[in-house]
Amino acid sequence: MRRAAALLSILMAVGSGCAPTPAAITVHQAYTRCPRPTAPELPPLDPEQRLETPANINLLLERDDRRCAYAEQQDAALDCYEGQAKPGGQ
């Protein structure tokens, strides 16, 4: 068993040096920078009032609208990059 393990180790060491090392391939893909949305500034809630007060509810709805708009802008940026990745570009 020792002979087989030693022979296998030698064959692996010698065999690995016989194969030519493949040349490094560098792929350059041209792309245009897509618009990057800026994170929205969210209005702070009034800590003096309870969460369910009309003023805080309006602020929560405003924050939600801003977050939804931001998510849509991020989707548009991803669609822009995905469109460039498809064959033929945009």
Checklist entry - Is there any pair with a first residue in region 22-45 that is within 27 Å of LYS86 (Cα to Cα) and a second that is modelled with pLDDT under 90 whose Cβ atoms are under 7 Å apart and which are 6 or more apart or on different chains, and what are they? => result TYR31/GLN84; THR32/GLN84
Checklist entry - Of the residues that make up region 65-88, is at least one among the hydrophobic types (A, V, I, L, M, F, W, C), exposed (fewer than 12 other Cβ atoms within 10 Å of the Cβ) and part of a loop (DSSP other than H, G, I, E, B)? => result no
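The values are calculated or read from the model by the stated rules, or taken from the named source; none is laboratory data. Treat the numbers as computed from the prediction; the structure is a model and nothing was measured. Every residue, glycine as well, gets a Cβ built from its backbone with ideal geometry; the counts of neighbours run over all protein chains shown.
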